[in-house]
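K.L.:
Could you have a look at this structure, given as structure tokens, before my questions?
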Amino acid sequence: MKLNSLNLWQKTVNSAVDVIRPGLKKVKHFVQPALDMPFLYKVKNAINVNDLRKIAEKRAHPMVFAYLDGGSDDEIALKRSVQSFQSIELKHAVLHGVSKKTMDLSTTIMGINSSLPILLTSCAGQKMFHMEGETATAKAARKHNIPMTLSQLTTTDFREVSNNAPDHCKALQLYVWKDKDLLITVLQRARECGFTSLVLTADFSWVGNREKEKRTGFSVPPDYNFKQCYGAFISPAWTYDYMSEPQYGYKAVPNANFPAASLVDFINDQMKPEFNWKDAEWLNSTWKSMGGTHCVLKGVAREQDALHCLDTGFDTIWVSNHGGRQLDCSIPTIETLPKIRDKIGSDTEIILDGGIRRGLDVIKALLLGADSVAIGRPYLYGLTAGGFEGVDKSISILKDDLILNTGLLGCNNIKELKQNASKILVS
Ligand code: FNR
């Protein structure tokens, strides 16, 4: 990702766009639906997550799709995360008498009630994908009664997101920060807005090498070079949406609206690669002293780190390799999961993410030791393809798939799946 502050050309184009923005907004109610009609039609008829991916690729600006879809270096971790699920074999059940009427896949995730063992993970800058942004994600989480985690790099205010899903948007994700006073202000604001869980993402203090972003000229903010302007021209639905709404900013800090450029400076200034277990211990106790209930470490891949989480006051371990966007060749999370579960025993909650593309993948993660899974790209493909309707569709696809396959395995609920794991898994 190329990060830069505004130059004269960017300032000029930004000002020009600001002049035409109100005019575009005035006629948005009939222009945007016309531009989005073919995409929404395809979203409605999408059969799997890969269909949503293809629609997202067609609607989005190429550099935005590269940011969403890409992994680091040769994308080995990204590819293998998906493939590792495919190579797990299962034995189905017969004459089990399970019907949809008796099936109940509800659970709790980080203390939040959920109808499914699925959580929408924290993903940055969602207005970049579709101007409905994090609000669309919150509405879909609420509709399906599943939790979402809000990224620290949200482009929608905490309050607005939580108002759209008060019982579902209760987990805030943070990166490691230098300024403890500012951090405390953010934590207080999160508590005021009803957040109960704090997720510390610990695999991002160095940013991975994403070559797709470099090839497509991805930059925050846009630098309006020829490639970017051409990309805007060939993605009219995305471009109109982007140009007809107020330019999005990042709402990382209460009452602030960092434009993209100053956010970049802010992140560069605030990221603290030296943040260590002691700092994490301080963060957890600060959150709990404010009445927060859950502390979660996201990005765990090693058994020893999982053990360390328990001594540091974390309640939940989130096994993740950041969707293959950081260290390439990092182990697929589904492969490290059973070892981590073995090491920490059965009492501590484990969330797994990375490579989930089908409901069957959710089941495989549960069988191998996870309590729930988080999804990133699957719902972002939906968001990019069709705003709320797209996120809704992606969750529906995974849910139907999950119910069907749980039935084929002869189980009624998550407990039965876990109890029968040794019979179901081909070892
Ligand atoms: C992410 N991820 C991420 N993680 C995080 O803790 N904070 C963040 O702001 C982001 N931002 C982000 C943006 C985009 C575009 C993607 C694809 C991912 C990582 C994310 O939470 C999760 O770990 C992975 O996306 C999981 O892998 P899948 O489901 O995308 O395969």
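K.L.:
Can you tell me the FRET efficiency between Glu274 and Glu160 if r is taken as the Cβ-Cβ distance and R0 is 41 Å, rounded to the nearest 0.05?
P.N.:
It comes out at approximately 0.75.
K.L.:
Which entries in Lys178/Lys214; Lys11/Lys272; Lys364/Lys423; Lys143/Lys393; Lys25/Lys127; Lys139/Lys415 show an alpha-carbon gap greater than 18 Å?
P.N.:
Table pairs above 18 Å Cα-Cα are Lys178/Lys214; Lys11/Lys272; Lys139/Lys415.
K.L.:
What relative contact order, as a whole-number percentage, does the chain give when Cα pairs under 8 Å and 6 or more residues apart are counted?
P.N.:
Relative contact order for the chain comes out at 28 percent.
K.L.:
Set the Förster radius R0 to 30 Å, insert the Cβ-Cβ distance between Ile234 and Arg142 as r into 1/(1 + (r/R0)^6), and round the FRET efficiency to 0.05.
P.N.:
0.30
K.L.:
For a quick check: sort Leu327, Leu409, Leu383 by the number of other beta carbons within 10 angstrom, fewest at the front.
P.N.:
If I rank by nearby Cβ atoms, fewest first, I get Leu327, Leu409, Leu383.
K.L.:
Report, for the chain, the % of DSSP beta bridges that are antiparallel, rounded to 5.
P.N.:
Around 20 percent of the beta bridges assigned by DSSP in the chain are antiparallel ones.
K.L.:
Next question, about the same structure. Which values of log₁₀ I(q)/I(0), to two decimal places, follow from the Debye formula for segment 205-361 at q = 0.09, 0.12, 0.16 Å⁻¹ with a uniform point scatterer at every Cα?
P.N.:
Log10 of I(q)/I(0), two decimals: -0.46, -0.78, -1.13.
K.L.:
How long are the three semi-axes of the equivalent ellipsoid of segment 100-179, in whole Å, if each is the root of 5 times an eigenvalue of the C-alpha gyration tensor, listed from largest down?
P.N.:
Taking √(5λ) for each eigenvalue gives 24, 15, 10 Å, largest first.
K.L.:
R0 = 45 Å: FRET efficiency of Ser15 with Asn48, Cβ-based, nearest 0.05?
P.N.:
After rounding to 0.05, the efficiency reads 0.55.
K.L.:
Quick check: pseudo-label points 7 Å beyond the Cα along Cα→Cβ at Lys214 and Ala34, how many nm apart are they?
P.N.:
About 4.2 nm, to one decimal.
K.L.:
Another question about this same structure. Based on alpha-carbon atoms only, what is the radius of gyration of segment 1-92 relative to the globular estimate 2.2 N^0.38 Å?
P.N.:
1.60
K.L.:
Magnitude of the Cβ-charge dipole of the chain, K/R +1 and D/E -1, about the Cα centre, nearest 20 debye?
P.N.:
Once rounded to the nearest 20, the dipole reads 1000 debye.
K.L.:
Between segment 304-328 and segment 36-82, how many Å separate their Cα centres?
P.N.:
27
K.L.:
Take Lys180 and Lys288, extend 7 Å from each Cα along the Cα→Cβ direction, and tell me the distance between the two endpoints in nm.
P.N.:
Result for the modelled spin labels: 1.7 nm.
K.L.:
Tell me, in nm to one decimal, what length is gained between Lys25 and Asn420 on full extension, where the rule is 0.36 nm per residue of separation less the Cα-Cα distance?
P.N.:
136.7 nm
K.L.:
Out of every Cα-Cα pair in the chain, what percent are more than 31 Å apart?
P.N.:
38
K.L.:
Could you please rank His130, His92, His294, placing first whichever residue has the fewest other Cβ atoms within 10 Å of its Cβ?
P.N.:
His92, His294, His130
K.L.:
Sort His308, His168 by Cβ crowding within 10 Å, fewest neighbours at the top.
P.N.:
The fewest-first ordering by Cβ neighbours comes to His308, His168.
Throughout, read-outs are computed from the coordinates displayed, never taken from laboratory work. All values derive from a computational prediction rather than experimental measurement. All Cβ positions, even for glycine, are placed from backbone atoms using ideal geometry, and neighbour counts span all protein chains on display.
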